[in-house]
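Data block below; observations after.
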Amino acid sequence: MLSHAYFLPLRQRALIWQFARRDVLARYRGSVLGLAWSFLTPLLMLAVYTFVFRVVFKARWGGDESGEFEFALQVYSGLIVFSLFAEVVSRAPRLIMEQPNLVKKVVFPLEILPWVAVLAGLFHLALNLAVLLIAAAIARGGLPPSIVALPVVLLPFVPLLLGLGWFLAALGVFVRDVGQITSLAVSLLMFLSPVFYPISSLPERWQPWLRANPLTPVIEQVRSVALDGTWPDWPQLALHLAIASAVAWAGARWFAAARKGFADVI
């Protein structure tokens, strides 16, 4: 039977908070701009992508003659969701390998490390969502009432990230190529997710394949509630939560079984 620490880490909440806080602060320690980099990095990426797609390729959002700023809002909403996924998944294979002392010398709840990575990523997501909502409010003169459903839309994303984090963290101990494979997969998945285009712009024969992407419902529904004023698709949200919970359960089971061999490999 799995420990409650995997899914309800109440006993380790102080430790998780301490590690997550240290993780965020360590990332910007010694830099001049500090936390401002968490805003600047996605904004600079957005500026480059908007220039390439709007100016060079003359792309339009869903075929509409929308302006550059509207195009930027739509892309930014997808980009910040994908950035959270990319951050957690890219780091996951190294979570255990970068903490050998915690494996060998201390009795430490290693299962909290994916929680730490997810919470650190959610911190940056919150900052970027604030930028998105402020920009949308200024550009449109306010925000739609459906914005209150934004946390509910993002809720299924957490168990999905945790499940992938547990699975990849454990696998990365035994298969060192997982980091390179994951980095390549994340790069490809950026263009196979509806970040730079709405799913409705694809031919119908390709849409079911893109909907199989676990990032698609999150990105599409974040746009719906934050920018389009549409309430969530509740049946789809429930299905996504069920699938994400199954991924989390499987990832936790794999981590629990694999951690017995960590000390022999590291």
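The table for this structure:
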read-out: So residue 196, is it within 19 Å of residue 84 (Cα to Cα), in contact (Cβ under 8 Å) with a residue 24 or more places away in the chain and either in contact with a His (Cβ under 6 Å, 6 or more places away or on another chain) or of a type in the set (Phe, Trp, Tyr) (or both); value: yes
read-out: Among (1) in a helix (DSSP H, G or I); (2) of a type in the set (Asp, Glu); (3) exposed (fewer than 14 other Cβ atoms within 10 Å of the Cβ) - the single one residue 98 does not satisfy; value: (1)
read-out: Set 238, 244: member being of a type outside the set (Val, Ile, Thr), without any contact (Cβ under 8 Å) to a residue 12 or more places away in the chain and closer than 25 Å to residue 151 by Cα; value: 238
read-out: Given (1) touching a helix residue (DSSP H, G or I) at 6+ places or on another chain (Cβ under 7 Å); (2) within 30 Å of residue 94 (Cβ to Cβ), index of the condition residue 146 fails; value: (2)
read-out: Meets criteria (within 21 Å of residue 129 (Cα to Cα), part of a helix (DSSP H, G or I) and at pLDDT 95 or above) for residue 161; value: yes
read-out: Condition broken by residue 141, with the remaining ones in (1) under 17 Å from residue 23 (Cα atoms); (2) modelled with pLDDT under 90 satisfied; value: (1)
read-out: Cβ-Cβ under 7 Å pairs, at least 6 apart or on other chains, the stretch 20-37 side more than 16 Å from residue 98 (Cβ to Cβ) and open to solvent by 100 Å² or more (accessible area, probe 1.4 Å), far side at pLDDT below 80 and part of a loop (DSSP other than H, G, I, E, B); value: 37/31
read-out: Residue among 89, 131, 152, 148 that is buried (at least 18 other Cβ atoms within 10 Å of the Cβ), part of a helix (DSSP H, G or I) and not acidic (Asp, Glu); value: 89
read-out: Residue 47 being at pLDDT 75 or above, over 19 Å from the mean Cα position of the chain (by Cα), under 19 Å from residue 136 (Cβ atoms) and open to solvent by 40 Å² or more (accessible area, probe 1.4 Å); value: yes
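The values are calculated or read from the model by the stated rules, or taken from the named source; none is laboratory data. These numbers were taken from a predicted model, which means no experiment stands behind them. Don't worry about glycine lacking a Cβ; one is built from the backbone with ideal geometry, like all the others, and counts go over all protein chains shown. For the accessible areas, the whole protein counts, side chains as well, though only heavy atoms, and no ligand, DNA or RNA atoms are used. Shrake-Rupley method; radii C 1.70, N 1.55, O 1.52, S 1.80 Å.
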